[in-house]
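Below is one structure, written out as structure tokens; comments come after it.
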Amino acid sequence: MALDIKIVEEAKKPLAMNPKKFGLWLFIATVIMLFGAWTSAYIVKRGDMGWSEIVVPDLFWVNTAIIMFSSGTMIWAVRAARKNNQEQLKVALSITTILGIAFVVGQFMAYNQMVEMKEHFTGGPVSHSFVYVLSGAHAVHLISGVIFLIIVLVSAFRLKVDSQNMTQIEMCATYWHFLDLLWLYLFVFLLLNK
């Protein structure tokens, strides 16, 4: 009987981490390994004969500023949710979403700059392909982040995000800040390893 009570008590203990948040962290760890492998391959290939120096598109600078600013608006959104300030929450999430979309559009415009500079994905030096792969894979993840932002924004307009319901916005913020830091890492990596 005492064993049954102990098992029931243990079952009632709250989990140390929300399973959804744990899943998000596992996904983030996977993405880190993926980009770690690609940047390692970049460094190895850079030592090969015939490596051509890359030119980082000017728009990458603008896009970096956009995505860093979006982290600030995401922090604003989380703080507004914690304070149950629905109007600020909606504005902050809307701005973050718009900035996320602007970043993705800016990346495609940067690819056009690369084409104009004769830096093509295929048919040229492998160094150019790496820029497309690294920034393109990041853009795909950022598109998923924008979709997540839109889902949270809709929830905010339905008044389902507040100080008592923080899981969704906290997960979105974690993923968004991760994507921002990932881009900063990739951008600095490309600048230092032309």
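The values are calculated or read from the model by the stated rules, or taken from the named source; none is laboratory data. The structure displayed is predicted, hence computed values, not measured ones. We place every Cβ from the backbone using ideal geometry, glycine too, and count neighbours over all the protein chains shown. Each accessible area value is taken on the protein alone, full model and side chains, heavy atoms only, with ligands, DNA and RNA left out. Shrake-Rupley method; radii C 1.70, N 1.55, O 1.52, S 1.80 Å.
Structure notes:
- For region 102-125, the candidate set comprises residues that are of a type in the set (Gly, Ala, Ser) and either open to solvent by 10 Å² or more (accessible area, probe 1.4 Å) or closer than 13 Å to Gly145 by Cβ (or both); within that set, the residue that is modelled with the highest pLDDT is Ala102.
- Only residues that are closer than 14 Å to Val31 by Cα and touching a residue at least 60 places away in the same chain (Cβ under 8 Å) were counted across region 126-137, and they come to 4.
- Count of residues meeting criterion [open to solvent by 40 Å² or more (accessible area, probe 1.4 Å) and part of a helix (DSSP H, G or I)] in region 42-58: 4
- Matching entry among Val115, Val140, Val105, Val152 (being in contact (Cβ under 8 Å) with a residue 24 or more places away in the chain, out of contact with any His (no Cβ under 8 Å at 6 or more places or on another chain) and among the hydrophobic types (A, V, I, L, M, F, W, C)): Val152
- Qualifying residue in region 121-133 (condition: of a type outside the set (A, V, I, L, M, F, W, C) and within 18 Å of Arg79 (Cα to Cα)): no
- Residue, least open to solvent (accessible area, probe 1.4 Å), within region 80-101, restricted to residues that are among the hydrophobic types (A, V, I, L, M, F, W, C) and free of Cβ contacts under 8 Å to residues at least 12 places away in the same chain: Val91
- From Trp61, Trp76, residue being open to solvent by 80 Å² or more (accessible area, probe 1.4 Å) and either among the polar types (S, T, N, Q) or farther than 24 Å from Ser129 by Cα (or both): Trp76
- One residue alone among Leu182, Leu186, Leu99, Leu190 is at pLDDT 90 or above, closer than 30 Å to Gly47 by Cα and in contact with a Ser or Thr (Cβ under 9 Å, 6 or more places away or on another chain), and that residue is Leu186.
- Residues of region 151-172 classified as open to solvent by 10 Å² or more (accessible area, probe 1.4 Å), under 30 Å from Thr39 (Cβ atoms) and in contact with a helix residue (DSSP H, G or I) (Cβ under 6 Å, 6 or more places away or on another chain), total: 1
- Residues of region 18-40 that are open to solvent by 40 Å² or more (accessible area, probe 1.4 Å), of a type in the set (A, V, I, L, M) and in contact with a Phe, Trp or Tyr (Cβ under 9 Å, 6 or more places away or on another chain): Ile32 alone.
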